[in-house]
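Derivation of every value follows stated rules applied to the coordinates shown; laboratory data play no part. All values derive from a computational prediction rather than experimental measurement. Cβ: placed from backbone, ideal geometry, glycine included. Neighbour counts: every protein chain shown.
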Amino acid sequence: MTLRMSHQYDVAADMFVFDVSGQTLKKLKNHGLMLRHDGDALHILYEGILVDDVLQPLKPITSDVAKDLSLQIYIRAKNPKLFLVSEHIPEPGKSIFYFSNKDVVIRTSPSASVGDIHLTSNTSGYTAEQGDISMLHPQRLDLAAQSGEPAVLSLTSALSKACIYELIKPVGGLLKVNADFSQFGPGLFSLEFNDETREFFASDELLRNSAFAVVELFMNVDVDEAVRIVAVDGGVTEREYRIEFSSRSTIWRYFVVPRHTAIPDATQISIQSDNHTFSPAMTTQLPSEEPAFVIQSIAPIPLRALGEKNIALKKSMGPVKDLVRHLPCPTPAALTNESETDYSDMYVYV
């Protein structure tokens, strides 16, 4: 079984670090499973033995064992740049990407191999989206609410298993309880209390050592056989699970500063591109009070490590000619936000 991560910013880069929870490490050892890292891919292998020339798992995972078994894989950012170039960003220490093979829609993108499984809730594409981000909480919560009526505290696991069901009585018009669910281990939970419902991933370990994402692979028979990681013989399937993150898109804004070239007015320059449309130039002034022209993309453009080709600054006084044949592309550090719009600013001196 292989878990493969990729990011549209740089599909060839090694951007992720894999880790597993302490409980998962014990589960792997107990069931003869092992991990192998290969760049942005993690392989889960099993110990085997040849029986009549057929490879059989040394420690088969039976359906009875698998019913409560899941593997939690933590994904950490190898480079802090990941938080700058990602379209959707969990808030470190407060939220996290959560993916699992439960209730997943089986779809194969044109760029992937047949049979690859995309672990995302995105129904219109193949990249992770905001809906894949879950709140991150400790494994104990102090809950309080103003009420003179009793309320039920209900905690349910990702597999719809009832963990806590308790009637809380008010004291002095206040409902107050310390919900301790550390015995159920880290995982995704749904909590209901006093007409409020919240879903979150609970892990003291991740609060101490933040991660970008967690992938939970359930082994029980309630998970669709097509996405289950346990094979019929009790070993691990050869399936590949994929998670792809989209790049942040920004308005590319070029400030053209005429220092060596005479440009009488904004109508004399323009930006032309094979793939993108840019606005007409407008006069502006830099913070230093130096006169300049500003030209920006009409629509947001995804950030890419390799940038964009064939974006040229043209001068139209007389015959049209290139002032700059290949304009620079923005770096992640060039981000600014104005009125809830992300801009990538670049300065071009001509």
request  = Return the single residue from R259, R228, R36 with maximal mean-square fluctuation; model: Gaussian network over the chain, springs between Cα atoms under 10 Å.
outcome  = R259
inquiry  = Straight-line reach only, C-alpha to C-alpha below 13 angstrom: list the aspartates and glutamates that K169 could link to, leaving out same-chain residues fewer than 8 apart.
reply    = E149
Mean separation of Cα contacts under 8 Å, 6 or more apart, over the residue count of segment 181-245: relative contact order % = 17 percent
ask   = So for the chain, taking the charge dipole from beta-carbon charges (+1 Lys/Arg, -1 Asp/Glu), which of N220, L82, N209 sits furthest toward the positive end?
value = L82
request  = Calculate the dipole size of the chain relative to its Cα centre from +1 charges on Lys and Arg beta carbons and -1 charges on Asp and Glu beta carbons; express the result in debye to the nearest 20.
outcome  = 840 debye
ask   = Could you work out the helix-only [θ] at 222 nm for the chain, with each DSSP H run of four or more residues adding -39,500 (n - 2.57) and the total divided by the number of residues, to the nearest 500 deg cm²/dmol?
value = -1500 deg cm²/dmol
request  = Quick one: give the max-minus-min coordinate of the C-alpha atoms of segment 250-349 along each principal axis, largest first, in Å.
outcome  = 36, 31, 20
request  = For segment 53-96 and segment 139-179, write down the distance between their C-alpha centroids in whole Å.
outcome  = 30 Å
ask   = Can you give me the pair-distance distribution of the chain, C-alpha pairs, 20 Å bins, whole percents?
value = 25, 42, 25, 8, 0
DSSP-defined beta bridges in the chain - what % are antiparallel, rounded to 5 = 75 percent
message = For a quick check, take a GNM of the chain with Cα springs below 10 Å and name the residue from S95, S21, S273 with the largest mean-square fluctuation.
response = S273
remark   = Of the residues V320, L42, P302, the Cα lying farthest along the dipole of the chain towards its positive end, which is defined by charges on the beta carbon of Lys, Arg, Asp and Glu, belongs to V320
message = Based only on other Cβ atoms within 10 Å, what is the fewest-to-most ordering of T197, T24?
response = T197, T24
task = Let me know the charge dipole size of segment 140-201 about its Cα centre in debye, to the nearest 20, where only the beta-carbon of Lys, Arg (+1) and Asp, Glu (-1) is charged.
result = 160 debye
ask   = Given charges of +1 on the Cβ of Lys and Arg and -1 on the Cβ of Asp and Glu, with all other atoms neutral, how large is the dipole of segment 250-349 about its Cα centre, in debye to the nearest 20?
value = 480 debye
request  = Starting with the fewest neighbours, write out M135, M219 ranked by other beta-carbon atoms found within 10 Å of each beta-carbon.
outcome  = M135, M219
note = For K67, the lysines lying under 27 Å Cα to Cα, once residues fewer than eight places off in the same chain are dropped, come out as K26, K27, K29, K59, K102, K161
Filtered GluC sites (Glu not before Pro), segment 228-275: DSSP coil and at most 11 other beta carbons within 10 Å = E238
query = Rounded to the nearest 5, what % of the DSSP beta bridges within segment 121-202 are antiparallel ones?
reply = 90 percent
inquiry  = Could you work out the relative contact order of the chain? I mean the mean sequence separation of Cα pairs under 8 Å and 6+ apart, divided by the number of residues, in percent.
reply    = 19 percent
